[in-house]
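Written out below as structure tokens is the structure these notes cover.
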């Protein structure tokens, strides 16, 4: 029962944020400050999700070159920044990580 | 050969999304395995992938369910983790505004990091193309089926794959997010926002119920937005001073 409630709650917390701008595509406009603030959402939420995995993969801070997550993520970031190509970043990033995981 | 028909755009969307399917696969696999090892019911886990269909928040939700977090807090966290979809929708909405409400509602359900990245990667950051929705549909259907499939495999194998958390599969999501975020860091305020959120997420990661994640995101937004406003004020002052000099 509480599981059903959870699923419904998560749907209500997910679908409207995806739908609202498409649904009112012709009529809805937000104030300027709000749309400007929104542009900061992906660059804050996504790093807040992945940076802890990179610097503390096993729960403790691990900041040296033996940490394959840190090394591969740094190289992937350079690739992403330089070529701005997500497919290239994923392919090379995963390959680097796999190689480091096998070696270390 | 340039794609022309609806079908060709559909296939193109699917093909263009392929590497993202590969990186989402291990993510779905660990999600499924984690639900199994935390004794979350198989139907609950599958229902999340089928009806919620939001990888990052599903992942966060499992962690919260494992420590018996109240449902309301799980939903609020889900909401904040998903707020970025508003921005993705804002970027794409011009390109879908001519479609019927049914089409737009259908496309909205599939608005994920990956499909946004594929659409913007192919059509550019302000996309407008009469057949964009077929490309989008190809991307989202393939992501959707892929996500449900790997969740299911993860749930089924969950207990047979000991220590799946230690295999490093979660790096797939790291590299996907890096690929999305770095091209967005176009000016100093965005760098400041990202760095603030990163530091805060590590400093306050031990806060219960992922509150550290929320706090990190909001501080990043505040710092980024604040520095953007300051920079704009500074540059307008500069201009007015310049005009006085003339």
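Every number here is computed from the coordinates shown, using simple stated rules; none is lab data. The shown structure was predicted, so the numbers you read here are calculated from the model rather than taken from an experiment. All Cβ positions, even for glycine, are placed from backbone atoms using ideal geometry, and neighbour counts span all protein chains on display.
Here is how the numbers come out for the structure above:
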{"quantity": "Prolate/oblate/rounded call for the protein assembly as shown, Cα gyration tensor, a/c under 1.5 rounded", "calculated": "rounded"}
{"quantity": "Computed E for residue A:81/residue B:5 - FRET, C-beta separation, R0 56 angstrom, nearest 0.05", "calculated": "0.95"}
{"quantity": "Å³ per residue enclosed by the Cα convex hull of chain B", "calculated": "167"}
{"quantity": "Fewest-first ranking of B:164, B:67, using other Cβ atoms within 10 Å as the exposure measure", "calculated": "B:67, B:164"}
{"quantity": "Spacing of the two label points (7 Å from each Cα toward its C-beta) at residue A:101 and residue B:39, in nm", "calculated": "2.9"}
{"quantity": "Between region B:6-34 and region A:1-28, the alpha-carbon center distance in angstrom", "calculated": "22"}
{"quantity": "Shielding by partners - mean other protein chain Cβ count within 10 Å, residues of B:36-43", "calculated": "1"}
{"quantity": "Förster radius 35 Å - calculated FRET efficiency between residue A:27 and residue B:203, Cβ distance, rounded to 0.05", "calculated": "0.25"}
{"quantity": "Per-residue Cβ neighbour rank within 10 angstrom, fewest leading, B:48, B:143", "calculated": "B:143, B:48"}
{"quantity": "Per-residue average of Cβ from other chains inside 10 Å of B:51-62", "calculated": "4"}
{"quantity": "Potential lengthening between residue B:15 and residue B:188 on full extension [0.36 nm per residue; Cα-Cα distance subtracted]", "calculated": "58.8 nm"}
{"quantity": "Förster radius 35 Å - calculated FRET efficiency between residue B:106 and residue A:66 (Cβ-Cβ, nearest 0.05)", "calculated": "0.15"}
{"quantity": "Neighbour-count ranking [beta-carbon atoms within 10 angstrom, fewest first] of B:136, A:69", "calculated": "A:69, B:136"}
